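Read the structure below first, then the notes.
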Amino acid sequence: DIGGRTYVDGGAVSATSVDVIAHSGLDEVYVIAPMVSFEMDSPSGIPARLERRWRAQVTKVCRDEMALVRASGARVYAIGPGREDLEAIGANLMDSSRRQLVLDTSLRTSAHAWRDEFAEQLAG
């Protein structure tokens, strides 16, 4: 509560809130979603498997939100961690000891992911 009003972190409902811009008249929307993965890995440990299950739910919500934006006429381009990124991230998103590995992996994989995303959109 702040001043007698209840506030909820937007991340409690959606990791991206992409649906907020549906019907806003935009031609293109770029979604950078670190909590979403359009390509999952297959971890063996229980903590990572639980995290991936949570991530799959977050991804579903994001896909639904992007569909709303596309239905309003906008082209939507999205990027999130892929298999290699997830392996670098591990089970604990807040593990600071993995920060450099995650950054290095992301710098390498992001360029490929954007290229693939644009190619898919242009072909479709």
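Residues in region 65-95 that are in a helix (DSSP H, G or I) and in contact (Cβ under 8 Å) with a residue 12 or more places away in the chain: 65, 66, 68, 69, 71, 83, 84, 85, 86, 87, 88, 89. Only one of the numbered conditions (1) buried (at least 17 other Cβ atoms within 10 Å of the Cβ); (2) more than 14 Å from the chain's Cα centre (by Cα) is not met by residue 6, and that is (1).
Select, from 85, 104, 95, 41, the only residue that is more than 18 Å from residue 19 (Cβ to Cβ), out of contact with any His (no Cβ under 6 Å at 6 or more places or on another chain) and surrounded by 19 or more Cβ atoms within 10 Å (Cβ to Cβ). Walk me through it before giving the result.
Working: 104 fails: surrounded by 19 or more Cβ atoms within 10 Å (Cβ to Cβ); 95 fails: surrounded by 19 or more Cβ atoms within 10 Å (Cβ to Cβ); 41 fails: surrounded by 19 or more Cβ atoms within 10 Å (Cβ to Cβ).
Criteria check complete, one pass: 85.
Screening 55, 70 for residues that are of a type outside the set (S, T, N, Q) and farther than 16 Å from residue 102 by Cβ leaves exactly one candidate, 70.
How about region 1-43: which of its residues are among the hydroxyl-bearing types (Ser, Thr, Tyr) and within 19 Å of residue 117 (Cβ to Cβ)? It would help to see each step written out before you state the result.
Applying the first criterion (among the hydroxyl-bearing types (Ser, Thr, Tyr)) to region 1-43 yields 6-7, 14, 16-17, 24, 30, 37, 42.
Once the filter is applied, which keeps residues that are among the hydroxyl-bearing types (Ser, Thr, Tyr) and within 19 Å of residue 117 (Cβ to Cβ), region 1-43 yields 16, 30, 37.
Regarding residue 24, is this residue part of a loop (DSSP other than H, G, I, E, B), at negative phi and within 16 Å of the chain's Cα centre (by Cα)?
Judged against the criteria, residue 24 is not a match.
Here, each number is a calculation from the coordinates, and none is a lab measurement. Keep in mind that this is a model prediction, so the values were computed, not measured. Ideal geometry is used to build each Cβ from the backbone, glycine not excepted, and the neighbour counts take in all protein chains shown.
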